[in-house]
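Each remark here refers to the structure printed beneath this line.
The values are calculated or read from the model by the stated rules, or taken from the named source; none is laboratory data. Here the structure is a predicted model, which means the values were calculated and not measured. Virtual Cβ from ideal backbone geometry, glycine too; neighbours counted across all protein chains shown.
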Amino acid sequence: MKIDFKELAKEYKTPLYIYDFDEMSKRYLELKEAFEGEKSLIAYAVKSNSNLSVIQKFGKLGSGADCVSIGEVLRARRAGIEAYKIIFSGVGKSNEEIAQALKEGILMINLESEAEMYRVEEVAKGLGIEARISIRVNPNVDPKTHPYISTGLHENKFGVEINMAKRMYIYAKNSNWLDPIGVHFHIGSQLTDILPIKEASQIVSDLVRSLLAIGVEIRFFDVGGGLGVVYKDEEPIPVEDYAKAIISSIRGLDLTIVCEPGRYLTANAGWLLAKVLYEKQNGSKRFVIVDTAMNDLLRPSLYKAYHKIEILNDEKDNEDSTLSDIVGPICESGDWLAKDLLLPPTKSGDLILIHSAGAYGFTMASNYNTRGRPAEIACEDGKCRLIRERESFEDMIRLEQRYLEE
Ligand code: LLP
């Protein structure tokens, strides 16, 4: 839908996260359709944007949830996602998290190490609940993405290698407290090359064939998330090609395909709206200082990630445009949102719109420098509404206040 950013800034102030729910739905339905004719479950990766209303939106469309902490599992449940559509992954689950996940009756716990398998078995036995599990396999494939978000190589901390996985499946099959029903892999995020996905999918489906041959009844083939999106000039993988690659690797097998998209569903359906505070010139260097910062959107500082930024004033790029950095008020040199951007002159109060901020934006935000996190807005069917209030000073000190000495 057409969003009136100026109006939203007036009503809700800045900085402000804004999401287009129609766009999120469209993307979900396109992906779901690409798997038509197959048994499939889309388990939305809650970490990309965990606002309850966002999760609820996907839940209403039929989505499950991929979670990496018990907090995310509880968010998914609170937002109405059925327990049998929830997957719990992560390299370091605590006993309490495992116990709570078992009590919730989620679809499966995704194991990331042998030690964790024994731990889950023990907790399951203590509760008298059989644990449905999958094992995250590390297929040792280079996903060709940013090293910080690449996970499918042995040098990464994620998953277990194939031979170890086989031994674990055999152990789990013979355990009274473990029910191995799924296999999982996730080779990285922001993937724009289909070959590593094909390769990983093939390696893991071969594993499934060998497991079925020895009586381990795998029913869920979980391919993780990772579908890339356009931030600048990337060429994303068409979802039809993605689905075809996966479907063809498991031809002849009776499996439910699970995929865990996060960024693909949310990134391009979200913006961070902010305001220019000042301009300043240090020698030859021009800075536009804005009222949002790395505590609201960490991706540029952490990954040198590019986000398209638009100034919403009437000046067009012209001969007065010069190169400028856009920076926030935080006391860190790394606090920048864009570097060397050609910008027309701006004035205090001009709005700036940061694109592709729907994924890993708010969820990675912090209170650094005691800055309250932004409010969040959902736009849908021609209307916009608040889905999270701006964090106040009182919200930020709530858990400390009563410990002050007299
Ligand atoms: N499944 C698993 C097991 C994952 O580890 C992830 C992401 C996903 C699904 C969802 O991936 P997506 O579809 O969103 O690519 N903070 C980084 C991204 C970290 C991704 C971590 N794992 C960023 O801002 O780019």
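Take Gly349 and tell me if it is farther than 16 Å from Asn49 by Cβ and at pLDDT 95 or above. Yes, satisfied.
Tallying residues that are assigned to a helix (DSSP H, G or I), touching a Gly at 6+ places or on another chain (Cβ under 9 Å) and touching a residue at least 40 places away in the same chain (Cβ under 8 Å) within segment 25-48 yields 4.
Within the set Val208, Val239, the sole residue that is crowded, with 16+ Cβ neighbours inside 10 Å, within 18 Å of Asn110 (Cβ to Cβ) and either modelled with pLDDT of 95 or more or of a type outside the set (Gly, Ala, Ser) (or both) turns out to be Val208.
From Asp233, Asp254, which residue is more than 16 Å from the ligand (Cβ to nearest atom) and over 25 Å from the mean Cα position of the chain (by Cα)? Lay out the reasoning, then the answer.
Numbers: Asp233 fails: over 25 Å from the mean Cα position of the chain (by Cα).
Matching residue, one of Asp233, Asp254: Asp254.
Sub-8 Å Cβ pairs linking a first residue in segment 68-92 that is over 18 Å from Lys103 (Cβ atoms) and at pLDDT below 95 to a second residue that is part of a loop (DSSP other than H, G, I, E, B) and among the basic types (Lys, Arg), at least 6 apart or interchain, are Val91/Lys157, ordered by first then second residue.
Within segment 247-273, the residues that satisfy the criterion of being touching a Leu at 6+ places or on another chain (Cβ under 7 Å) and hydrophobic (A, V, I, L, M, F, W, C) are Val258, Trp271, Leu272, Leu273.
Selection within segment 78-89: residues that are surrounded by 18 or more Cβ atoms within 10 Å (Cβ to Cβ) and in contact with a helix residue (DSSP H, G or I) (Cβ under 7 Å, 6 or more places away or on another chain). The member of this set that is farthest from His184 (Cα to Cα) is Ala79.
Condition check ((1) in the same structural domain as Pro236 (by TED's automatic domain parsing); (2) within 16 Å of the ligand (Cβ to nearest atom); (3) within 22 Å of Ile18 (Cα to Cα); (4) surrounded by 15 or more Cβ atoms within 10 Å (Cβ to Cβ)) across all residues:
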residue	(1), (2), (3), (4)
Ile309	no, no, yes, yes
Asp325	no, no, no, yes
Gly334	no, yes, no, no
Leu341	no, no, no, yes
Ala365	no, yes, yes, yes
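Matching residues to (1) modelled with pLDDT under 95; (2) within 16 Å of the ligand (Cβ to nearest atom); (3) charged (D, E, K, R); (4) more than 15 Å from Val91 (Cβ to Cβ):
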| position | (1), (2), (3), (4) |
| --- | --- |
| Ile135 | no, yes, no, no |
| Pro143 | yes, yes, no, yes |
| Thr151 | yes, yes, no, no |
| Asn156 | yes, yes, no, no |
| Gly159 | yes, yes, no, no |
| Lys166 | no, no, yes, yes |
| Asn174 | no, no, no, yes |
| Asp179 | no, no, yes, yes |
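Close Cβ contacts (under 7 Å, 6 or more residues apart or on different chains) running from residues in segment 367-388 that are not assigned by TED's automatic domain parsing to the domain that holds Asp296 and surrounded by 18 or more Cβ atoms within 10 Å (Cβ to Cβ) to residues that are assigned to a strand (DSSP E or B) and among the small types (Gly, Ala, Ser) are absent.
Residues in segment 292-303 that are among the hydrophobic types (A, V, I, L, M, F, W, C) and assigned to a loop (DSSP other than H, G, I, E, B) were compared, and the one that is farthest from the ligand (Cβ to nearest atom) is Ala293. Regarding segment 275-291, can at least one residue be identified that is free of Cβ contacts under 8 Å to residues at least 60 places away in the same chain, among the small types (Gly, Ala, Ser), away from the ligand (no atom under 16 Å from the Cβ) and not assigned by TED's automatic domain parsing to the domain that holds Ser348? Among the residues of segment 275-291, not one is free of Cβ contacts under 8 Å to residues at least 60 places away in the same chain, among the small types (Gly, Ala, Ser), away from the ligand (no atom under 16 Å from the Cβ) and not assigned by TED's automatic domain parsing to the domain that holds Ser348, which makes the answer no.
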